[in-house]
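Colleague: I have a structure I would like to understand better, so I am pasting it below and will then ask my questions one at a time.
The values are calculated or read from the model by the stated rules, or taken from the named source; none is laboratory data. The model shown is predicted, which means the values in this text are computed figures rather than measured ones. So basically every Cβ, Gly included, is an ideal-geometry build from the backbone, and we count neighbours across all protein chains shown. Side chains included, ligands, DNA and RNA excluded: accessible areas come from the protein's heavy atoms. Shrake-Rupley method; radii C 1.70, N 1.55, O 1.52, S 1.80 Å.
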Amino acid sequence: VTTLANTIAIFVLVYFKADILLVKLGSSLIFIVRPILYAVYVRKHYPFPKAEKGKAVLEQKWTGVGQHIAYFLHTNMDIALLTLFADVRLVAVYSVYHLVISSIRAITESFSGGMEAAFGEMIAKKQMRKLQQSYRWYKTLITAVSTVLFGCTGILIVPFVCLYTQGITDANYIQPAFSWVLLMSEAINCFILPCASLPIAANHLKQTRWGAYGETIINLVLSCALIYWNPLLGVAIGTLVATAFRGIFYIIYSSKHILHSSARKPLLRLLATITIMCVGILVGRFLIAWIEINNYFLWILCGAATFLFIGTPVAVITYFRMKKLKDASEDLSDPQ
């Protein structure tokens, strides 16, 4: 409701040419309502007993807070470093590409809603077979969606930015290498959503804290070291390496300590998926370079062709993967 109300309010305010400060104020006031409604709902439907004095109700709350702070620093570090140590006009270039890629990530993450709670219930009930099966289904779905969305974005983002920034000459917005590196870091974030949700579901925040802390430290050190070599590519490479570290950390930990399986296959599958997606992006970029895209209608047509180019093989592979998982689940029963 708040998202819909926010959209309508922004549309109305922009339509009547309201000042940008007023637009942001209206949006902020609307989103204040959401936590108030949540608080009322939770207090009504979940009457928690009062904790005894001195008793730790949430034993790992500070670890959770620390991980959220680390995630906040990681996600906002690139803009901060570019603002402090590079030409401020590069912030505009970064923001244009990040706007597109972060929107694609948001679409992908929308498919993961509620999975942490579902995994947590299975872990609490010790339904390990069901957990493994559900995890594989979820991972296959997220991998397919991420591959299609980020594959298409990798091919179409530079032509889109060309149209979007047409006539703007304050900076060079055509940055193919930068867009690829930034896109890969966000794609890895989406590929590892399933294994990153397992430690949260199992309440293993303390055990996995160095995955989050290490990501932030690596991003800071590498970005600071590379920003003077190439500001945009430097911060993007720092983010990519840090995200890859976190992804490998979570895959190994979740496989070993929660799923009780080998991490070798998930790591190899992740590497294979990224390699195939990169090859598809390179081929797609080579083909689309021969087309002069000078309007949004032509860009949409190229987008449709790109979706078929990426989506068809992914759909076929996903179908057979899902069929294999279904056959395996029918042969096994949950050992409760």
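Colleague: Which whole number of Å³ per residue matches the convex hull of the alpha-carbon atoms in segment 143-207?
Modeller: Working: hull volume 7.3 nm³, N = 65.
Each residue corresponds to 113 Å³ of Cα convex hull volume.
Colleague: Give me the net charge for the shell around His74: Cβ to Cβ below 11 angstrom, other residues only, Lys and Arg +1, Asp and Glu -1. Intermediate values should be presented prior to the final figure.
Modeller: Working: positive: Arg246; negative: Asp78, Glu215.
Its environment carries a net charge of -1.
Colleague: Note the count of lysine pairs whose C-alpha atoms are less than 22 angstrom apart in segment 1-139, limited to pairs 8 or more residues apart or on different chains. Intermediate results must be reported in sequence, preceding the final value.
Modeller: Working: Lys50/Lys61; Lys53/Lys61; Lys125/Lys139; Lys126/Lys139; Lys130/Lys139.
Within segment 1-139, the lysine pair count is 5.
Colleague: What number comes out for accessible area per residue over the chain if the probe is 1.4 Å? Units Å², please.
Modeller: On the way: 20030 Å² over 336 residues.
On a per-residue basis, 60 Å².
Colleague: Moving on. What's the extension gain from Leu268 to Cys162 if we count 0.36 nm per residue and subtract their Cα-Cα distance? Don't jump to the answer; show the numbers that get you there.
Modeller: Details: separation 106, 0.36 × 106 = 38.16 nm, distance 3.57 nm.
Full extension from Leu268 to Cys162 adds 34.6 nm.
Colleague: What nm value, rounded to one decimal, do you get for the distance between Glu121 and Ser102 when each label is placed 7 Å out toward the C-beta?
Modeller: 3.3
Colleague: Sum up the charges of everything whose Cβ sits under 13 Å from the Cβ of Ser262, counting Lys and Arg as +1 and Asp and Glu as -1, but leave Ser262 out. Working shown, then result.
Modeller: Values: positive: Lys256, Arg264, Lys265, Arg269; negative: none.
So the environment of Ser262 carries a net charge of +4.
Colleague: Based on DSSP H runs of at least 4 residues, each adding -39500 (n - 2.57), what is the mean residue ellipticity at 222 nm of the chain after dividing by all its residues, to the nearest 500 deg cm²/dmol? Could you put the intermediate results ahead of the total?
Modeller: Values: 12 runs with 260 residues, N = 336.
Value at 222 nm, helices only, nearest 500: -27000 deg cm²/dmol.
Colleague: Moving on to the next point. Post the alpha-carbon centroid distance, segment 224-300 to segment 135-151, in whole angstrom.
Modeller: Using only Cα atoms to place each centre, the spacing works out to 14 Å.
Colleague: Oh, and also: Which label belongs to the value computed from this structure, given these candidates for Kirkwood radius over Cα pairs in Å: [x] 22.5; [y] 20.2; [z] 21.2?
Modeller: Of the labelled values, this structure produces [x].
Colleague: Comparing Ile274, Ile218, Ile36, which has the greatest mean-square fluctuation in the GNM of the chain with Cα pairs linked when under 10 Å apart?
Modeller: With Cα springs under 10 Å in the chain, the top fluctuation among Ile274, Ile218, Ile36 is at Ile36.
Colleague: Carbon and sulfur atoms: what percent of the 1.4 Å accessible area of the chain do they account for? Walk me through the numbers on the way to the answer.
Modeller: Numbers: 13870 of 20030 Å².
Accessible surface attributable to carbon and sulfur in the chain totals 69 percent.
Colleague: Also, quick follow-up: Separation of segment 306-320 and segment 61-87 by C-alpha centroid, Å?
Modeller: 36
Colleague: So which DSSP H runs in the chain come out at 20 Å plus along the axis (Cα) with average Kyte-Doolittle of at least -0.5? If you can, show how the numbers build up before the last one.
Modeller: On the way: long enough: 20-45 (39 Å, 1.24); 61-85 (34 Å, 0.54); 89-109 (30 Å, 0.96); 128-164 (50 Å, 0.76); 176-191 (22 Å, 1.17); 209-226 (26 Å, 0.82); 231-253 (33 Å, 1.63); 264-288 (36 Å, 1.48); 296-331 (50 Å, 0.68).
Helices meeting the span and hydropathy rule in the chain are 20-45, 61-85, 89-109, 128-164, 176-191, 209-226, 231-253, 264-288, 296-331.
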